[in-house]
Amino acid sequence: YPFADKRHWIADKSKREGQRQQMANRIHPLIDSNESTFERQIFKKTFRHSEFFLYDHLVSEIPTLPGVAYLDFARKAAELAAGRKVQKIKNILWLSPLTVVNSTPTEAFIELKPNGNSVQFEVFSERENGQKQVHSQGKISYATREEMEAEPEFIDLETIRARCVKVMDGKDAYPHFKSLGLNLGASFQVLQEVFQNNDEILGVLNIPEARQGDFHDFLL
């Protein structure tokens with residue numbers, strides 16, 4: 001669009017090499033580095049528009065971090081900090097969206113604060129005036145020994161499907177989402193079918209080919 005103030009110049013080669021090296025050294029796709037000290041448990045991530053969970057997730061045409069990404073950010077940081085499996089995340093607040101505007105990278109942090117048997121997390125960035133912008137908060141609980149040793153939960157999907165009727169093809173949902181301002185790209189167009197009865201809704205998801213390589217990096 002001729003009047004959009006977005007630049008698309010080819011980047012300087014040395015800058016690209018630096019970014020590539022940073023990507024190779026990062027801890028996880030949602031965590032670049034551990035910035036912790038004796039006083040604070042804190043991890044950092046620089047979000048760029050070139051990452052699929054941003055360029056394929058547009059809210060009012062602005063690359064916006066999906067709500068579930070904050071939870072995976074918190075889960076991974078908490079597991080790295082303690083070397084233990086996260087079992088529950090609750091009391092979640094999404095306070096303000098984290099966006100990447102005009103392809104300008106956004107630097108964000110997550111701080112973990114132990115509180116008894118749980119850990120409080122806070123995802124935030126810093127504005128140009130130095131003020132903290134809080135994006136999300138919540139509480140994390142680690143798995144107990146009993147939970148680690150318990151049998152995995154099993155849900156009989158075929159029984160649920162048998163008592164439901166098909167009400168929608170997944171592809172029909174995405175134009176509706178777009179009309180509401182949520183424009184999802186190929187990475188997030190995973191819904192295939194929707195089944196429903198008076199008490200339940202069952203959605204069938206299919207991970208696209210483009211995401212098979214990094215699917216297991218994102219547990220949630």
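The values are calculated or read from the model by the stated rules, or taken from the named source; none is laboratory data. Computed from a predicted structure; not experimentally measured. Note that each Cβ is placed from the backbone with ideal geometry, even for glycine, and that neighbours are counted across all protein chains shown. Remember, those area values only see protein heavy atoms, side chains included, never the ligands or the DNA or RNA. Shrake-Rupley method; radii C 1.70, N 1.55, O 1.52, S 1.80 Å.
Taking into account only those residues within the stretch 29-66 that are of a type in the set (Phe, Trp, Tyr) and open to solvent by 70 Å² or more (accessible area, probe 1.4 Å), which is farthest from Val101 (Cα to Cα)? Lay out the reasoning, then the answer.
Narrowing the stretch 29-66 to residues of a type in the set (Phe, Trp, Tyr): 38, 43, 47, 52-53, 55.
If we keep only those that are open to solvent by 70 Å² or more (accessible area, probe 1.4 Å) too, we end up with 38, 55.
Numbers: Phe38: 34, Tyr55: 11 Å.
Checking each candidate, the answer is Phe38.
Limited to the stretch 35-56, what total is found for residues that are outside any loop (DSSP other than H, G, I, E, B) and either closer than 17 Å to His135 by Cα or out of contact with any Leu (no Cβ under 9 Å at 6 or more places or on another chain) (or both)? Show your work before the answer.
First, pick out the residues of the stretch 35-56 that are outside any loop (DSSP other than H, G, I, E, B): 41-47, 52-55.
Filter once more, keeping what is either closer than 17 Å to His135 by Cα or out of contact with any Leu (no Cβ under 9 Å at 6 or more places or on another chain) (or both): 42-47, 52-55.
Summing the residues that are outside any loop (DSSP other than H, G, I, E, B) and either closer than 17 Å to His135 by Cα or out of contact with any Leu (no Cβ under 9 Å at 6 or more places or on another chain) (or both) in the stretch 35-56 gives 10.
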Quiz item: Give me the pairs: first residue in the stretch 26-44 and under 20 Å from Asn115 (Cβ atoms), second residue in a strand (DSSP E or B) and of a type outside the set (D, E, K, R), beta-carbon distance under 6 Å, and six or more apart or on different chains, which are they?
Solution: Ser36/Ile42; Gln41/Leu112; Ile42/Phe109; Phe43/Ile31; Phe43/Asn34; Phe43/Ile110
Quiz item: List the pairs whose first member sits in the stretch 68-94 and is under 16 Å from Ala108 (Cβ atoms), whose second member is open to solvent by less than 40 Å² (accessible area, probe 1.4 Å) and assigned to a helix (DSSP H, G or I), and whose Cβ atoms are under 6 Å apart, counting only residues at least 6 apart or on separate chains?
Solution: Ala69/Phe53; Trp94/Gly67
Quiz item: What number of residues within the stretch 150-166 are open to solvent by 80 Å² or more (accessible area, probe 1.4 Å) and free of Cβ contacts under 8 Å to residues at least 40 places away in the same chain?
Solution: 10
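Condition check ((1) open to solvent by 90 Å² or more (accessible area, probe 1.4 Å); (2) within 21 Å of Trp94 (Cβ to Cβ)) across all residues:
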| residue | (1), (2) |
| --- | --- |
| Gln133 | no, yes |
| Leu191 | no, no |
| Phe195 | no, no |
| Asn198 | yes, no |
| Gly213 | no, no |
| Phe218 | no, yes |
Exercise. Could you tell me whether Glu128 is without any contact (Cβ under 8 Å) to a residue 60 or more places away in the chain, open to solvent by 100 Å² or more (accessible area, probe 1.4 Å) and not aliphatic (A, V, I, L, M)?
Key: yes
Self-check item: Members of the stretch 96-117 found to be within 18 Å of Ile42 (Cβ to Cβ) and either out of contact with any helix residue (DSSP H, G or I) (no Cβ under 7 Å at 6 or more places or on another chain) or not in a strand (DSSP E or B) (or both), listed by number
Solution: Leu98, Thr106, Glu107, Ala108, Phe109, Glu111, Lys113, Pro114, Asn115
Exercise. Being touching a residue at least 40 places away in the same chain (Cβ under 8 Å) and assigned to a strand (DSSP E or B) narrows it down to one of Leu202, Leu219, so name that one.
Key: Leu202
Quiz item: Which one of Glu147, Glu153 is part of a helix (DSSP H, G or I) and modelled with pLDDT under 95?
Solution: Glu147
